[in-house]
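The values are calculated or read from the model by the stated rules, or taken from the named source; none is laboratory data. Note that the coordinates shown come from a computational prediction; the quantities given were computed from them, not determined experimentally. Cβ atoms come from the backbone with ideal geometry, glycine included; neighbour counts cover every protein chain shown. The area values use the complete protein model at the heavy-atom level, side chains included, leaving out ligands, DNA and RNA. Shrake-Rupley method; radii C 1.70, N 1.55, O 1.52, S 1.80 Å.
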Amino acid sequence: MVIGEAKPVAEILEMIKDFKKVVVAGCKGCVTVCNAGGEKEVAILASELRIARKAAGNDLETLEYTCERQCDPEYIEPLDDLVKDAEAIVSIACSVGPQYCTARYPFVPVFPGLNTMSIGGALEHGVWKEFCQACGSCIIGDFGGLCPITRCAKQLLNGPCGGSSEGLCEVGKGSIPCIWQLIYDRMKNLGQLHKMQEVKLYKNWSTSRDGGLRTTIREELKQ
Amino acid sequence: MSMEVVVFACQQAVPEPDAVKSLWRGGEVRLRVLPEPCSSKMEAFQLLRTLATPVDLVWVIGCEEQLCRYNEGSHRAGGRMAYTKKYLAEIGLEPARVGRSVLTPGDESALAAIIAEISDRVQALGASPLRRAPNTAARRSAK
Ligand code: SF4
Ligand code: SF4
């Protein structure tokens with residue numbers, strides 16, 4: 001999922017300082033799962049904004065709504081009724097959401113209430129970690145199902161480097177496992193250590209951000 | 001300036017919410033006691049929403065953690081209280097405007113002590129800055 005993290009409230013207050021009535025829009029997708037932009041977080045942020053503004057003698061009215069998703073245009077539509085009465089929108093979906101709001105409401109200012117951090121998953125309650133950098137041509141099948149692009153500080157395809165020590169990466173002061181140690185252990189478990197001797201010559205980076213803005217098309221689904 | 005306290009009380013910890021009112025010595029300060037099935041029913045957003053209405057002090061009364069009917073409930077309520085205080089600190093409202101107490105269900109003297117603490121707290125804090133702040137919109141329309 002997409003991992004998001006709430007922006008400092010002071011930053012959001014600054015963004016909306018000129019407005020008296022804003023929509024706070026959440027998303028029931030990824031950001032609900034990572035407790036950053038779901039229904040509860042909408043209610044928390046809206047209350048915080050109202051409290052802060054009221055204490056400053058500059059009342060703010062908030063309209064709360066949590067979309068099914070904010071990355072599909074049809075799920076932005078239910079905001080129409082609220083947005084017509086509001087001066088601005090704060091979206092706490094991942095940063096796709098504010099951009100979909102912007103597309104639907106060309107004359108309404110839209111602000112992000114979250115920082116979009118990574119594509120990842122939960123390690124434990126309250127801890128999320130990055131697992132994929134969306135390079136667009138996944139190669140983890142060659143590495144025991146583990147991603148050296150995301151999880152090796154140097155993105156080595158023929159690791160480990162000389163900084164790997166006792167299973168730990170030289171980056172992170174001993175807090176980050178060396179992914180190449182994990183790949184080695186995994187390949188050993190699978191009886192595929194010999195595959196690690198195959199030299200990987202290159203990776204196709206044209207599918208990553210280096211190749212420019214990416215669009216994914218499924219012809220059979222297009223109408 | 002009139003003040004108001006809202007107490008969310010677990011029904012096990014405080015089986016008779018009216019008893020809280022009879023113990024109240026807060027004078028002019030209005031007290032509302034809302035029974036809850038467990039103190040863990042209270043989410044951070046509900047505490048914040050209540051403070052935003054505005055209310056001058058919000059308090060949650062639950063059972064001692066090891067006595068919670070729902071095992072983890074009272075413990076969770078404690079965690080939520082801690083991060084509600086963090087939210088308040090972030091926006092510059094006194095974290096002391098939310099509080100939580102636990103007691104053994106049926107312990108009347110403990111309940112009396114908690115009610116006294118709530119009363120002392122609201123007197124010490126005074127009216128919420130949300131009441132004190134003049135609303136610029138209201139000022140404008142008054143012109
Ligand atoms: S808008 Fe972002 S957070 Fe919400 S479902 Fe889509 S990708 Fe996930
Ligand atoms: S190889 Fe690319 S697509 Fe596969 S997990 Fe790593 S970054 Fe993601």
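Among what's in the stretch B:92-128 and is buried (at least 20 other Cβ atoms within 10 Å of the Cβ) and farther than 18 Å from residue B:39 by Cβ, pick the residue that is nearest to the other protein chains (Cβ to nearest Cβ).
So, considering only residues that are buried (at least 20 other Cβ atoms within 10 Å of the Cβ) and farther than 18 Å from residue B:39 by Cβ, the one nearest to the other protein chains (Cβ to nearest Cβ) is B:93.
Any idea how many residues of the stretch A:40-79 are within 16 Å of ligand 1 (Cβ to nearest atom) and closer than 17 Å to residue B:84 by Cβ?
Selection size over the stretch A:40-79: 4.
Look through A:25, A:52 and report the one residue that is of a type in the set (A, V, I, L, M), more than 14 Å from chain B (Cβ to nearest Cβ), in contact with a helix residue (DSSP H, G or I) (Cβ under 8 Å, 6 or more places away or on another chain) and over 21 Å from residue B:42 (Cβ atoms).
It is A:25.
If you check A:45, A:49, which single one turns out to be of a type outside the set (Val, Ile, Thr) and farther than 25 Å from residue A:125 by Cβ?
A:49
Mind listing whichever residues of the stretch A:124-135 are surrounded by fewer than 15 Cβ atoms within 10 Å (Cβ to Cβ) and either within 16 Å of ligand 1 (Cβ to nearest atom) or farther than 15 Å from residue A:179 by Cβ (or both)?
Selection gives A:124, A:125, A:126, A:127, A:130, A:134.
Which condition number does residue B:34 fail, the rest of (1) among the aliphatic types (A, V, I, L, M); (2) over 11 Å from the mean Cα position of the chain (by Cα); (3) at pLDDT 95 or above being met?
(2)
Taking the stretch A:119-172 only, how many residues are in a loop (DSSP other than H, G, I, E, B) and either within 30 Å of residue A:31 (Cβ to Cβ) or within 21 Å of the chain's Cα centre (by Cα) (or both)?
Total satisfying the criteria: 18.
Conditions first: (1) within 16 Å of ligand 2 (Cβ to nearest atom); (2) surrounded by fewer than 16 Cβ atoms within 10 Å (Cβ to Cβ); (3) of a type in the set (S, T, N, Q). Residue A:95 passes all but one, so which condition is the exception?
Residue A:95 satisfies every listed condition except (1).
So that you can scan it fast, the table gives a plain yes or no per residue for (1) open to solvent by 50 Å² or more (accessible area, probe 1.4 Å); (2) within 12 Å of ligand 2 (Cβ to nearest atom):
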position: A:137; (1), (2): no, yes
position: A:145; (1), (2): no, yes
position: A:157; (1), (2): no, yes
position: A:167; (1), (2): no, no
position: A:171; (1), (2): yes, no
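Could you please tell me which pairs satisfy a Cβ distance under 9 Å, a separation of 6+ or placement on different chains, a first residue in the stretch B:22-39 that is of a type in the set (Lys, Arg), and a second residue that is open to solvent by 30 Å² or more (accessible area, probe 1.4 Å)?
Here the result reads B:25/B:116; B:30/B:2, each pair linking the stretch B:22-39 to a residue that is open to solvent by 30 Å² or more (accessible area, probe 1.4 Å).
Counting only residues that are touching a residue at least 60 places away in the same chain (Cβ under 8 Å) and more than 11 Å from the chain's Cα centre (by Cα), which one in the stretch A:109-118 is nearest to ligand 2 (Cβ to nearest atom)?
This residue is A:112.
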